[in-house]
1. For the subset of the stretch 53-87 comprising residues that are under 15 Å from Pro21 (Cα atoms) and within 10 Å of the chain's Cα centre (by Cα), which member is farthest from the ligand (Cβ to nearest atom)?
2. Quick check on this structure: which one of Leu53, Leu70, Leu47 is buried (at least 20 other Cβ atoms within 10 Å of the Cβ) and more than 22 Å from Tyr167 (Cα to Cα)?
3. Which pairs have Cβ atoms under 6 Å, sit 6 or more apart or on different chains, and link a residue in the stretch 33-49 that is within 12 Å of the ligand (Cβ to nearest atom) to one that is assigned to a loop (DSSP other than H, G, I, E, B) and at pLDDT 95 or above?
4. Test of understanding: among Leu129, Leu144, Leu182, which residue is part of a loop (DSSP other than H, G, I, E, B) and modelled with pLDDT of 95 or more?
5. Scanning the stretch 56-67 for residues that are assigned to a loop (DSSP other than H, G, I, E, B) and modelled with pLDDT of 95 or more, which turns out surrounded by the fewest Cβ atoms within 10 Å (Cβ to Cβ)?
6. What pairs come up if the first residue lies in the stretch 177-199 and is crowded, with 19+ Cβ neighbours inside 10 Å, the second is charged (D, E, K, R), and their beta carbons are under 6 Å apart, counting only those six or more places apart or on different chains?
7. Answer with yes or no whether Ser22 is away from the ligand (no atom under 12 Å from the Cβ), out of contact with any Asp or Glu (no Cβ under 7 Å at 6 or more places or on another chain), touching a residue at least 60 places away in the same chain (Cβ under 8 Å) and in a loop (DSSP other than H, G, I, E, B).
8. Being assigned to a strand (DSSP E or B) and away from the ligand (no atom under 16 Å from the Cβ) is the filter here, so list the residues in the stretch 90-126 that pass it.
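The values are calculated or read from the model by the stated rules, or taken from the named source; none is laboratory data. No experiment lies behind these values; they were computed from the predicted model shown. Here the Cβ is made from the backbone with ideal geometry for all residues, glycine too, and neighbour counts use every protein chain on show.
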Amino acid sequence: MIPMGLEDYRKKRRFDVTSEPSGQKPPRRPKGKALIFVVHKHRASHLHYDFRLQWRDVLLSWAVPKGPSLNPSVKRFATQVEDHPLDYAGFEGVIPPGEYGGGTVMVWDTGTWTPEVPDVDAALDAGELKFTLNGKKLKGSWVLVRTRGFKKSPRPSWLLIKHRDAYATDHDITIEEPRSALSRRTLAEIARDEGGDVARAPTGDP
Ligand code: MN
């Protein structure tokens, strides 16, 4: 898979209005440093989770409506969306109403990831990427599998699935650990602190 580039990301945003990063700064990635991942919880028109893996100086990104599941028998639908700049990984706050993705954004989980395949680009091309997460909430082995028909769609469909290992469980981590991995805030608290929609944001909290 060829990374989608940041053009789509920039086209959709007005950086004089939103506080999201533009990705214009050169990415800081010291050689040999671990790859980062982040899961944003995003109360936009619909609540969803944005699953992002650092690869080749961007964040490959998937929108996961129900969020990740630690239960290996549960496959979570994940729509691949435009790559995001690396400095987006630390973004938590409010996107103004009417702007692209308008709503409240939380860093729900963050950490590092390790490919379980020798060639990440080949794995993405083939539509099956196995990897290990070392986050604050998400750990252990996972896989992203692309579903059929992806060539017809600008937004390919994938499934995010937990592998069976010591971190697999049928507990619902989105309910048990709803707070920010960075600030420990709920969506309601982020909206209150950052001037967001204090009526709508709490509907994304359990
Ligand atoms: Mn989103």
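1. Step one: list which residues in the stretch 53-87 are under 15 Å from Pro21 (Cα atoms), which gives 57-59, 82-87.
Then drop every residue that is not within 10 Å of the chain's Cα centre (by Cα), which leaves 59, 84.
Working: Leu59: 12, His84: 9 Å.
In this case the residue turns out to be Leu59.
2. Working: Leu53 fails: more than 22 Å from Tyr167 (Cα to Cα); Leu70 fails: more than 22 Å from Tyr167 (Cα to Cα).
Of the residues listed, the single one that is buried (at least 20 other Cβ atoms within 10 Å of the Cβ) and more than 22 Å from Tyr167 (Cα to Cα) is Leu47.
3. Pairs that qualify, where the first residue is within 12 Å of the ligand (Cβ to nearest atom) and the partner is assigned to a loop (DSSP other than H, G, I, E, B) and at pLDDT 95 or above, are His48/Pro65; Tyr49/Gly67.
4. Details: Leu129 fails: part of a loop (DSSP other than H, G, I, E, B); Leu144 fails: part of a loop (DSSP other than H, G, I, E, B).
The match here is Leu182.
5. Going residue by residue through the stretch 56-67, those that are assigned to a loop (DSSP other than H, G, I, E, B) are 56-57, 65-67.
The next check asks that each one be modelled with pLDDT of 95 or more; those that pass are 65-67.
Details: Pro65: 12, Lys66: 15, Gly67: 20.
Restricting to residues being assigned to a loop (DSSP other than H, G, I, E, B) and modelled with pLDDT of 95 or more, the top hit is Pro65.
6. Every condition considered, the pairs that remain are Ala181/Asp109; Ala181/Lys136; Thr186/Arg179; Thr186/Asp205; Leu187/Arg43; Leu187/Asp205; Ala188/Asp205; Ala191/Asp197.
7. Values: away from the ligand (no atom under 12 Å from the Cβ): yes; out of contact with any Asp or Glu (no Cβ under 7 Å at 6 or more places or on another chain): yes; touching a residue at least 60 places away in the same chain (Cβ under 8 Å): yes; in a loop (DSSP other than H, G, I, E, B): yes.
So Ser22 passes the test.
8. Correct list: Gly111, Thr112, Trp113, Thr114, Pro115.
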